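The values are calculated or read from the model by the stated rules, or taken from the named source; none is laboratory data. Just so you know, these numbers come straight off a predicted model, no measurement behind them. FYI the Cβ positions are ideal-geometry reconstructions off the backbone, even for glycines, and counts take in every protein chain you see. All accessible areas refer to the heavy atoms of the entire protein, side chains included, with ligands and DNA or RNA removed. Shrake-Rupley method; radii C 1.70, N 1.55, O 1.52, S 1.80 Å.
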Amino acid sequence: MAKVFSGRISIPGDQIDNYLDALGDREAEFKPLRNQLQQLNGEFEHFLALSFTPKTIRKHTNVIHLFIDFLEWHTDVNSIDDITRGIANSYFRKWYLRKIGDLRESEIKTSIKKFFRFLAEQKDIVNEPVLKSFKR
């Protein structure tokens with residue numbers, strides 16, 4: 001099961017090189033998923049363009065862009081299937097509101113919901129636990 005990393009860390013000065021190496025390793029490890037998600041976010045943008053205004057499209061795709069960053073730097077997720085309902089819902093929303101704070105919680109949820117529905121309905125990439133979490 002995927003983990004979410006939160007809180008503060010303290011890195012001794014003599015360990016900073018190891019920490020930077022670990023960050024580089026995580027970036028390399030996540031790169032294939034980042035590329036896949038960025039491509040899907042671009043396709044999501046084109047899909048939204050069929051129904052929404054440019055402002056709404058920008059809002060949804062920017063939330064997904066930040067979701068991708070959150071997955072890379074605050075979780076150990078390496079595939080779309082690894083994303084849990086907690087990561088897609090409460091953990092990301094709490095992080096987003098704490099770091100960005102410019103949208104209401106319901107707007108963040110709507111963006112994530114639209115993205116995962118797009119993946120399931122248009123791309124046949126189904127993450128059932130996340131989709132079920134939106135049916136409440």
Given a Förster distance of 22 Å, the FRET efficiency implied by the Cβ-Cβ spacing of E121 and D76, rounded to the nearest 0.05, works out to 0.20
Points 7 angstrom from Cα along the Cβ direction at F5 and E128: gap in nanometres? 3.1
Measuring from label point to label point, each 7 Å out along Cα→Cβ, what is the Q38 to T56 span in nm? 2.8
Tell me, in nm to one decimal, what length is gained between D69 and R26 on full extension, where the rule is 0.36 nm per residue of separation less the Cα-Cα distance? 14.3 nm
Highest GNM mean-square fluctuation, the chain, Cα pairs closer than 10 Å: which of E107, E121, E45? E121
Once you've got the GNM for the chain with C-alpha springs shorter than 10 Å, pick whichever of N35, N18, N62 has the biggest mean-square fluctuation. N18
Would you kindly state how much longer the chain becomes between K135 and K99 on full extension, computed as 0.36 nm times their sequence separation minus their alpha carbon distance, in nm to one decimal? 10.2 nm
Take the solvent-accessible surface of the protein heavy atoms, probe 1.4 Å, and return the percent of it on the range 12-136 that carbon and sulfur atoms account for. 48
Dipole of the chain, positive direction: furthest Cα of I80, P129, L33, with charges on the beta-carbon: P129
Apply 1/(1 + (r/R0)^6) to the Cβ-Cβ distance of T110 and N18, taking R0 = 41 Å, and write down the FRET efficiency to the nearest 0.05. 0.50
Measuring with a 1.4 Å probe in the full set of protein chains, what accessible area per residue, in whole Å², belongs to the range 42-136? 56
If the viscosity is 0.692 mPa s and the temperature 37 °C, what Stokes-Einstein diffusion coefficient in µm²/s follows for the chain when Rh is the Kirkwood radius over Cα pairs? 207
Is the range 35-111 best put as rounded, prolate or oblate by its Cα gyration tensor, with a ≥ b ≥ c the root eigenvalues, rounded for a/c under 1.5, and otherwise prolate when a/b is larger than b/c, oblate when not? oblate
